[in-house]
Amino acid sequence: MAKALIVYGTRYGATANTSEVIADTLRQVGYEVKIADAKKEKVQSINEFDLIIVGSGIQMGKWTSEPEDFIKKHQKELAIKKLALFVSCGGANPLSEGEQKNKELDNAKQKYLEDKATELKVTPIALGFFGGCYDFNKMSWFFKKTLSSVKPKLESAGYKETKTGLYDLRDLHAIRDWTREVAKTVI
Ligand SMILES: Cc1cc2nc3c(=O)[nH]c(=O)nc-3n(C[C@H](O)[C@H](O)[C@H](O)COP(=O)(O)O)c2cc1C
């Protein structure tokens, strides 16, 4: 049985849940899957895994530090493994229109995934550029204030609260489709 490892970092929970969706999809196509929240668990060895997926949420343009630390620690072994990266970010759902929207999408994908892979000196087989969640219940007072203008913009872009204070901007079908493509690279 092919074995996959998912290592993620999250601040507000979207990347944890997306990792569960990825794991569930991999299991459906025959993988054995281990998931590690990089903040809580340090994976010591990646030898046994055929596929490694590393993901992070983005805040103020930055990954969480723990998945980056994981990649740095295993950088040599990752060079001979199938590695995929993904991010959960607002940049995957720009609130602008037309040309500007495409420009913002391209810039975010470049910055959060392509440039990050270059910086971490890895060559991923796939890059997953996924939406995230705005959870106003979990934000600090400061960030809630900073992002107060985002709420009406989300509403006028047609996003609805999935529960009070939570806007989930993810496309779960796209996440599952991406995962099935990544899965095919091994089995
Ligand atoms: C304070 C704050 C800052 C954010 N900054 C960015 C950003 O710079 N770029 C971006 O694309 N998304 C940004 N987002 C959206 C997050 O990427 C989104 O909430 C995502 O779900 C975070 O991942 P996590 O839920 O796994 O922590 C920000 C969200 C918050 C709450």
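The values are calculated or read from the model by the stated rules, or taken from the named source; none is laboratory data. Just so we're clear, the structure is a prediction, and the values are computed from it rather than from any experiment. Cβ coordinates were reconstructed from backbone atoms using ideal geometry, including for glycine residues, and neighbour counts include every protein chain displayed. Heads up: the accessible areas ignore ligands, DNA and RNA and are worked out on the full protein's heavy atoms, side chains in. Shrake-Rupley method; radii C 1.70, N 1.55, O 1.52, S 1.80 Å.
Side notes on the structure shown:
- Contact annotation: residue pairs with Cβ atoms under 6 Å, 6 or more positions apart or on different chains, pairing a residue in segment 99-111 that is at negative phi with a partner that is of a type in the set (Phe, Trp, Tyr) and surrounded by 13 or more Cβ atoms within 10 Å (Cβ to Cβ), are 109/129.
- Test: residue 98 is more than 30 Å from residue 26 (Cβ to Cβ) and either open to solvent by 50 Å² or more (accessible area, probe 1.4 Å) or not assigned by TED's automatic domain parsing to the domain that holds residue 50 (or both): no
- The set of residues from segment 112-160 being touching a residue at least 24 places away in the same chain (Cβ under 8 Å) and polar (S, T, N, Q) comprises 123, 137.
- Search result, residues across segment 120-170 that are hydroxyl-bearing (Ser, Thr, Tyr), in a loop (DSSP other than H, G, I, E, B) and out of contact with any strand residue (DSSP E or B) (no Cβ under 8 Å at 6 or more places or on another chain): 140, 148, 149, 164
- Selected residue [of a type in the set (S, T, N, Q) and open to solvent by 70 Å² or more (accessible area, probe 1.4 Å)] from 164, 185: 164
- Of the residues 179, 146, 162, the single one that is polar (S, T, N, Q) and assigned by TED's automatic domain parsing to the domain that holds residue 17 is 179.
- Any hit, segment 115-138, residues being within 13 Å of the ligand (Cβ to nearest atom), open to solvent by less than 70 Å² (accessible area, probe 1.4 Å) and among the aliphatic types (A, V, I, L, M): no
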